[in-house]
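Asker: The structure is given below, and queries will be raised subsequently.
The values are calculated or read from the model by the stated rules, or taken from the named source; none is laboratory data. Predicted, not measured: the structure shown is a model, and the values here were computed from it. Cβ sites come from the backbone with ideal geometry, for glycine too, and all protein chains shown count toward neighbours. Keep in mind that these areas ignore ligands, DNA and RNA; they rest on the heavy atoms of the full protein, side chains included. Shrake-Rupley method; radii C 1.70, N 1.55, O 1.52, S 1.80 Å.
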Amino acid sequence: MTTRPSRPLSRTAAALLLALAAAACAAPPAPGPAAAPPGARTSAAVDLGPSPASLMVCAGSVPMQLAGAFGTEPATAPAGTWAQHLYTCTYAYAEGTLLITVKELADRDTAAAHFAGLRGSAGPVTTVEGLGDAAYTQADGSTVVLRDSSVLTVDVHRLPERFGKPPRTRSNVSVTAATTVMICWKEHAP
């Protein structure tokens, strides 16, 4: 029996393996000492950086799942920022921009009060049943979700009225993105 020398993986095979490895919803840890340990939340006194759940909105399988759902990919890789307990992920498409933010609050009661304040100032809203602890869409199609001690916002007002391939409404885009994040959060809850 003769053995063949091993060959390096083709680019296609390597890309396929990388895609399969990235199929989990988990996000990579934030760089540097400011990264929060799994399950940690920020407090008013100490900013530990974004939680692993917040990081998921910009990494792991969320971008891949959104690309599949919308039939289009961002022009550049999604980019995240952290400031004042707010993690913001920007998805820059050729047609416009989708922003996904996670406001991390000290506890459930504080998050619920923040959510209620946003809802009260949003004008006319439509309740979305079965998404997080509570959710609604705004007149511009954006979706806001309360989940535990975080408030997720999927801001679609910088997208065209109909977005994706096939085209879908802004509210459909935002509810799809919020649902994708909620599924990942549920799968990776501590």
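Asker: Looking only at region 143-166, count every residue that is free of Cβ contacts under 8 Å to residues at least 12 places away in the same chain and either over 20 Å from Y93 (Cα atoms) or in a helix (DSSP H, G or I) (or both) and tell me the total. Let's see the steps before the verdict.
Answerer: Start the filter on region 143-166 by keeping residues that are free of Cβ contacts under 8 Å to residues at least 12 places away in the same chain, which leaves 161-162.
When the remaining residues are screened for being either over 20 Å from Y93 (Cα atoms) or in a helix (DSSP H, G or I) (or both), the result is none.
Counting residues in region 143-166 that are free of Cβ contacts under 8 Å to residues at least 12 places away in the same chain and either over 20 Å from Y93 (Cα atoms) or in a helix (DSSP H, G or I) (or both) gives 0.
Asker: Considering only residues that are open to solvent by 40 Å² or more (accessible area, probe 1.4 Å) and in a helix (DSSP H, G or I), which ones fall in region 113-142?
Answerer: A113, H114, A116, G117, L118, R119, G120, S121
Asker: Taking the options S149, S174, name whichever one is of a type in the set (S, T, Y) and touching a Leu at 6+ places or on another chain (Cβ under 6 Å). Step through it out loud before you land on a result.
Answerer: On the way: S174 fails: touching a Leu at 6+ places or on another chain (Cβ under 6 Å).
Exactly one residue qualifies, and that residue is S149.
Asker: Go through (1) assigned to a helix (DSSP H, G or I); (2) farther than 20 Å from T143 by Cα one by one and return the number of the condition A67 breaks.
Answerer: (2)
Asker: When the residues of region 143-177 are filtered to those that are hydroxyl-bearing (S, T, Y) and open to solvent by 10 Å² or more (accessible area, probe 1.4 Å), which remaining residue is farthest from the chain's Cα centre (by Cα)?
Answerer: Pass one, region 143-177, residues hydroxyl-bearing (S, T, Y): 143, 149-150, 153, 169, 171, 174, 176.
Adding the requirement that they be open to solvent by 10 Å² or more (accessible area, probe 1.4 Å) leaves 149, 153, 169, 171, 176.
Working: S149: 16, T153: 9, T169: 19, S171: 16, T176: 11 Å.
That would be T169.
Asker: To continue, here is another question. Give me the residue from region 167-190 that is at pLDDT below 95 and in a loop (DSSP other than H, G, I, E, B) and, out of that set, nearest to G117 (Cα to Cα).
Answerer: Selected residue: A189.
Asker: I've got another one for you. Consider T97 carefully, then state whether it is modelled with pLDDT of 95 or more, closer than 21 Å to R168 by Cα, polar (S, T, N, Q) and within 12 Å of the chain's Cα centre (by Cα). Write out each step before concluding.
Answerer: Working: modelled with pLDDT of 95 or more: yes; closer than 21 Å to R168 by Cα: yes; polar (S, T, N, Q): yes; within 12 Å of the chain's Cα centre (by Cα): no.
Here the answer is no, as T97 does not meet what is asked.
Asker: Only one residue in V46, V57 is farther than 16 Å from G164 by Cα and either in a loop (DSSP other than H, G, I, E, B) or open to solvent by 40 Å² or more (accessible area, probe 1.4 Å) (or both). Which one? Give the steps one after another, and end with the answer.
Answerer: Details: V57 fails: either in a loop (DSSP other than H, G, I, E, B) or open to solvent by 40 Å² or more (accessible area, probe 1.4 Å) (or both).
Just a single option satisfies the conditions, and that option is V46.
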